[in-house]
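Student: Okay, here's the structure, questions in a sec.
What follows draws every value from the coordinates through simple rules; no lab data is involved. Just so we're clear, the structure is a prediction, and the values are computed from it rather than from any experiment. Glycine also receives a Cβ, built like all others from the backbone with ideal geometry; neighbour counts cover every protein chain displayed.
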Amino acid sequence: MDARRLILRWVEQEALAPSSLPRALALAEALPTQENWRRFLDRLLLWLGMALVASGLIFFLAYNWKELGRLAKFSLAEAMVAGAMLFVWRLGLDRPSGKAALFGACLFLGALLALIGQTYQTGADTFELFGSWAAMILPWVLVGRSSYLWLLWLAIVNAAITFYFQVLPGRFGAPITTEHQLWTLFAFDTGALLLWEGLAARRPDGLRQRLGPRVLATASGAFVTALVMLQILDEYRASAFGTPAWLVWLAAALAIYRRTVKDLFVLAGGVLSVILIVATYFAKHLTHTDSGGFLVVGLIVVLLSAAGGWWLKHLAAGDEQ
Amino acid sequence: MRASDPQSLWSCLEAEGLVVGTSPPTGVSAAPWFVRVMLGIAGWIGGLFLMFFVGLALKDVLQSPAAYLTTGLVVCTAAAMLFRAQPDSDFASQLGLALSLAGQGLVLTALTKALPNNSSAVAIGMSFWEAILFVSVPNFVHRVWASWAGACAILFALADWHLQAYGPGLLAIACAWIWLNEFHYARWGATLRAGAYGLTLALIFAVAQQALIPGAGWWHGTANRPPGSDYHAWIGAGLGGIALLGLIRGLLTREALEPASGARWRILAAAGVLAAASLKAPGLAPAMAILLLGYANGNRLLAALGVAALGGYLFLYYYSLEATLLYKSTLLATTGMALLGARTLLHKWWPVSRQPGDSRA
């Protein structure tokens, strides 16, 4: 529990007088000082300003211009990329402003690729746009050493995989199904998660932040949960590998996030995944008989969530001791 | 100091004479936010199944709105009694949550059947019922739900009265007031925070709704607009900006910045840029208010909600049909450049005090 929550809890328990609260919060550094505010406003104005300018320029390109020729459109899009990279060069990648400029350059490159696809109608599919975008910004992401850049890159690759399975017919005569899409996304995000955790253990930089692994673990867990649900709901067409993969995922999550990293967030996601799978299984087999099936499934969900909540709360309390 | 554990924090406060004796037990009931979210989602799923059970098991009895209403009220009352009888039991809390959600579904069905052509009356009825549940059920997750559901019901009522443009602004004002007074009413902090989280989630929902649904703000070219809707759109969007400016004024007072100082006016002027941009992009000011409240109160979850609201709004604004892309482009780029200019002025007026070994700016 962080200092802020502890102090507020002590006030509610009447162990600390409300009049002493501001002093207690200040002593615990639970509230920002004026210097903290100065740095926060600096970052806020930088990132929000950059996001608004980047959004504005992308919206400008997306507008269906009739008065603006191809040369003007491409000049603008390329100037945006070049301008952002000029800022990166001048500011350097150690400064937040340099990282923000690199983030903007990555977004502008996507806008430029979209403009190429829109203007020349090359016949390329959407997944090729996203795939090319991810490939082209990869060197920038590598040198940027920012978790936000990596998350952007991973989101673009996820979009490329999703679109790939939406537009391509089956290879080697086998039809492409939702299951193939889910397996690929699951494999990619799980691999990225393992790589991220492995690197974070060795590198004392931005990769240590928990946001990236939590996003990836949520995606990985959601895809493997969807695979098992698909197997339960469509047992004749779906493969039987979903359940073993899910069990391995749960066991690995328990081992890694209790022993190595200690992150209850992933375990809470695992508990929710168990509840969803069990509810889906019993809902399929019990609810078409009579109303009692709904009661049984409802009570199972209540029991599982209560047990999961109790377990997680005890783990959290144990970690605080 | 930044205490790393309860005991050292308690010792620090004891040394300053703020507390005496031994620290109270923290207990196991203080679950992290993501555990509460998990419990809320599971309770909602359980509630759906229980509602189907009640609906099917009592289908011969549930023939009239009065029967639905009576059953819903009985189920909700049973849930409230369960919460009060076993406040520390995880099983009772989850069962109570699922029962209450099922009961609320039945009450909503009753109101919809009794008032088929009066959506606003249904919504107001539900918001009253949610308010009663908020007060009577002493459970954090349930209170967040009741607060969110009650606020969303009011949003629907406003939409039915063609006043939906006011929703985000009014919610932003309410959120700003409650979060700013979080420490003032610290004794009732848990109740206050549950309500504030519910209202904040409803505010994010309102902002997304306004960006996505054509005519939600009656901004541009929507057919069959009621008379006066342009004024409603202006005033509604202005309320969001007022909430942001009021919040910043409150924060400046809390930070003891002199009322007539230049720094105070410069900060308010920078906020004024965002408030002005919110007249045409109404989600900007409410999302920024959430982010600032989170940072000011040391609440990282709230700050993260603010960042998500801001990013989500910009994404949805692209698809908003209330203005052309050219118009939106001009507005966003101009505002962004104004904020980057404000950052340059910030460096000039309030230079960063460098710490030893810190070379970053």
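Student: From the mean inverse distance of alpha carbon pairs (Kirkwood) and the Cα radius of gyration, derive Rg over Rh for segment B:15-127.
Tutor: Expressed as Rg/Rh, it is 1.18.
Student: Kirkwood Rh over Cα pairs of segment B:71-142 into Stokes-Einstein at 37 °C, 0.692 mPa s: D in µm²/s?
Tutor: Using the Kirkwood radius from Cα pairs, D works out to 264 µm²/s.
Student: Between residue A:86 and residue A:68, what is the label-to-label distance in nm when each label sits 7 Å out along the Cα-to-Cβ direction?
Tutor: 1.8 nm
Student: Determine, for each peptide in B:337-344, A:272-279, the mean count of other beta carbons within 10 angstrom over its residues, then list the peptides with the highest first.
Tutor: Final packing ranking: A:272-279, B:337-344.
Student: Hey, got a sec? Which trypsin sites (Lys or Arg not before Pro) in segment B:15-92 land in a DSSP loop and have at most 14 other Cβ atoms within 10 Å?
Tutor: B:59
Student: Next question, about the same structure. Averaged over its residues, how many other protein chain Cβ atoms are within 10 Å of peptide B:53-63's Cβ atoms?
Tutor: The mean count of partner-chain Cβ atoms within 10 Å per residue comes to 3.
Student: Sticking with this structure for a sec: Under a no-solvent Debye model with one identical scatterer per Cα of chain B, what's log10 I(q)/I(0) at q = 0.09, 0.10, 0.11 Å⁻¹?
Tutor: Values, matching the q order: -0.63, -0.76, -0.89.
Student: For the protein assembly as shown, what D do you get in µm² per second when you plug the Kirkwood radius from alpha-carbon pairs into Stokes-Einstein at 4 °C and 1.567 mPa s?
Tutor: The diffusion coefficient I find is 47 µm²/s.
Student: Run the reach check for residue B:348 against aspartates and glutamates, Cα to Cα strictly under 14 Å, same-chain hits fewer than 8 apart removed. What comes back?
Tutor: Excluding near neighbours in sequence, the set is A:42.
Student: Something else: Answer rounded, prolate or oblate for segment A:229-307, using the Cα gyration tensor with square roots of eigenvalues a ≥ b ≥ c: rounded when a/c is under 1.5, else prolate when a/b is larger than b/c, else oblate.
Tutor: Here segment A:229-307 falls in the oblate category.
Student: Chymotrypsin sites (Phe, Trp or Tyr not before Pro) within segment B:131-200: which are DSSP loop residues with at most 15 other Cβ atoms inside 10 Å?
Tutor: B:161, B:185
Student: Turning to a different aspect of this structure: Among A:33, B:77, B:71, which comes first, then next, by fewest other beta-carbon atoms within 10 Å?
Tutor: A:33, B:77, B:71
Student: For chain B, what are the DSSP H helices with axial Cα length of 27 Å or more and mean Kyte-Doolittle hydropathy of at least 0.5?
Tutor: Those that clear 27 Å and a mean of 0.5 are B:33-57, B:65-85, B:90-114, B:140-160, B:189-212, B:229-254, B:300-319, B:325-349.
Student: Which entries of A:66/B:280; A:99/A:262; A:284/B:59; A:284/A:313 have Cα-Cα distances beyond 27 Å here?
Tutor: The answer is A:99/A:262; A:284/A:313.
Student: Would you tell me the mean number of C-beta atoms belonging to other protein chains that fall within 10 Å of each C-beta in B:87-99, as a whole number?
Tutor: 4
Student: Let me ask something else. What's the extension gain from residue B:162 to residue B:253 if we count 0.36 nm per residue and subtract their Cα-Cα distance?
Tutor: Result for the pair: 29.1 nm of gain on full extension.
Student: Between residue B:14 and residue B:337, what length comes free when the chain is fully extended (0.36 nm per residue of separation minus the Cα-Cα distance, one decimal in nm)?
Tutor: 111.4 nm
Student: Same structure again: For peptide A:26-37, compute the average count of partner chain beta-carbon atoms within 10 Å of each residue's beta-carbon.
Tutor: Per residue, the average neighbour count from other chains is 5.
Student: Need one number: nm distance between label points at residue B:121 and residue B:77, each 7 Å from Cα along Cα→Cβ, rounded to one decimal.
Tutor: According to this spin-label approximation, the distance is 2.4 nm.
Student: Calculate the length of the line joining the C-alpha centroid of segment B:319-344 to that of segment A:1-77, in whole Å.
Tutor: So the separation of the two Cα centres works out to 18 Å.
Student: Sticking with this one: Would you calculate the separation in nanometres between label points at residue A:17 and residue A:262, each defined as 7 Å from the Cα along the Cα-to-beta-carbon direction?
Tutor: 3.6 nm
Student: Report the longest stretch of chain A that contains none of the GluC sites (Glu not before Pro) sitting in a DSSP loop with at most 13 other Cβ atoms within 10 Å.
Tutor: Formally, the longest exposed-site-free interval is A:68-234.
Student: Please identify the trypsin sites (Lys or Arg not before Pro) of segment A:261-321 that satisfy two criteria: DSSP loop assignment and at most 15 other Cβ atoms within 10 Å. Which are they?
Tutor: Here the sparse-neighbourhood loop sites are A:262.
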